[in-house]
Amino acid sequence: MPQLADHRRCPAWTVLPLFLGVALAFPTLASAQVVLETRLTPGLVTVSGRLDVPVERALAWQVLTQPDRFPAFVPGLKTSRTLEQRGTTRLIAQSGELTSGPRLRFDAVVRSDEIAGEGVKLQFLSGPFKNSSGEWRLSGDRPVTLAYQLRVDLTQSPLPPPLAGQIADQQVRVWLNALAGEMQRATMP
């Protein structure tokens, strides 16, 4: 099993999507409420998105912290598996296909650090989005505000810079809708 200290021993197939993975429209009850903000600076695109989800915070946290289940409800994500976990830190291997903009298959390893009950920080360690990062945040309770911020290092990314902002916008929207939809389904009998 790979060591957290040496992520290079992980298989080359892994995780882009904990933020950038997929971009098919994924309808949910909350999809119309997504608020996005995009900032482009030289070498970096940052997309911040949020929406309110009518669920209890504990349920939202449960969905957010089970990345091995993500392929069941995140469009384009083929695999997501925990390689190693130590406390609140885990290495996650993901593979799939980015479907917004140019078709791009990805295999990546992501380091995930949970901040108890508040959020999850992500760092892409390998794959086409190496050196990019993301952060999920939860605030409030019933409804919970689910927020995601994606920072893509354009110097390491295969995304064409003129399209990177639009592709990242769509990806953040897809991820928010996918997780919000799963949170809502989990409350149904």
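The values are calculated or read from the model by the stated rules, or taken from the named source; none is laboratory data. Predicted model only: the values in this text are computed from it and were never measured. When we count neighbours, we look across all protein chains shown, and the Cβ atoms used for this are built from the backbone with ideal geometry, even at glycine. To get the accessible areas, we keep the full protein, side chains included, count just its heavy atoms, and leave off ligands, DNA and RNA. Shrake-Rupley method; radii C 1.70, N 1.55, O 1.52, S 1.80 Å.
What residue, of Gln171, Gln184, is surrounded by 20 or more Cβ atoms within 10 Å (Cβ to Cβ) and either in contact (Cβ under 8 Å) with a residue 40 or more places away in the chain or within 14 Å of Leu36 (Cβ to Cβ) (or both)?
Details: Gln184 fails: surrounded by 20 or more Cβ atoms within 10 Å (Cβ to Cβ).
Exactly one of Gln171, Gln184 is surrounded by 20 or more Cβ atoms within 10 Å (Cβ to Cβ) and either in contact (Cβ under 8 Å) with a residue 40 or more places away in the chain or within 14 Å of Leu36 (Cβ to Cβ) (or both), namely Gln171.
For the range 88-109, which positions are surrounded by 21 or more Cβ atoms within 10 Å (Cβ to Cβ) and of a type in the set (S, T, N, Q)?
Within the range 88-109, Gln94, Ser95, Ser100 meet the criteria.
Within the range 74-89, how many residues turn out to be in contact with a strand residue (DSSP E or B) (Cβ under 6 Å, 6 or more places away or on another chain), closer than 25 Å to Gly181 by Cβ and in contact (Cβ under 8 Å) with a residue 24 or more places away in the chain?
We begin by selecting, within the range 74-89, every residue in contact with a strand residue (DSSP E or B) (Cβ under 6 Å, 6 or more places away or on another chain); these are 76-84, 88-89.
Filter once more, keeping what is closer than 25 Å to Gly181 by Cβ: 76-82.
In the following step, the residues that additionally are in contact (Cβ under 8 Å) with a residue 24 or more places away in the chain were identified as 76-77, 79-80.
Counting residues in the range 74-89 that are in contact with a strand residue (DSSP E or B) (Cβ under 6 Å, 6 or more places away or on another chain), closer than 25 Å to Gly181 by Cβ and in contact (Cβ under 8 Å) with a residue 24 or more places away in the chain gives 4.
Name the pairs: first residue in the range 138-166 and in contact (Cβ under 8 Å) with a residue 40 or more places away in the chain and closer than 16 Å to Leu98 by Cα, second residue aromatic (Phe, Trp, Tyr) and part of a loop (DSSP other than H, G, I, E, B), Cβ to Cβ under 6 Å, at least 6 apart or on different chains?
Leu150/Phe19
Considering only residues that are among the hydrophobic types (A, V, I, L, M, F, W, C) and modelled with pLDDT of 95 or more, look in the range 60-87 and name the one that is surrounded by the fewest Cβ atoms within 10 Å (Cβ to Cβ).
Ala72
Take Gly127 and decide whether it is of a type outside the set (A, V, I, L, M), over 21 Å from Thr41 (Cα atoms), surrounded by 17 or more Cβ atoms within 10 Å (Cβ to Cβ) and touching a residue at least 60 places away in the same chain (Cβ under 8 Å).
yes
Quick check on Leu59: is it assigned to a helix (DSSP H, G or I), touching a residue at least 24 places away in the same chain (Cβ under 8 Å) and within 22 Å of Gly181 (Cβ to Cβ)? Steps first, answer last, please.
Details: assigned to a helix (DSSP H, G or I): yes; touching a residue at least 24 places away in the same chain (Cβ under 8 Å): yes; within 22 Å of Gly181 (Cβ to Cβ): yes.
Against the criterion (assigned to a helix (DSSP H, G or I), touching a residue at least 24 places away in the same chain (Cβ under 8 Å) and within 22 Å of Gly181 (Cβ to Cβ)), Leu59 qualifies.
Taking Ser112 as meeting all but one of (1) closer than 25 Å to Pro42 by Cβ; (2) among the polar types (S, T, N, Q); (3) open to solvent by less than 10 Å² (accessible area, probe 1.4 Å), write down the number of the exception.
Every condition holds for Ser112 apart from (1).
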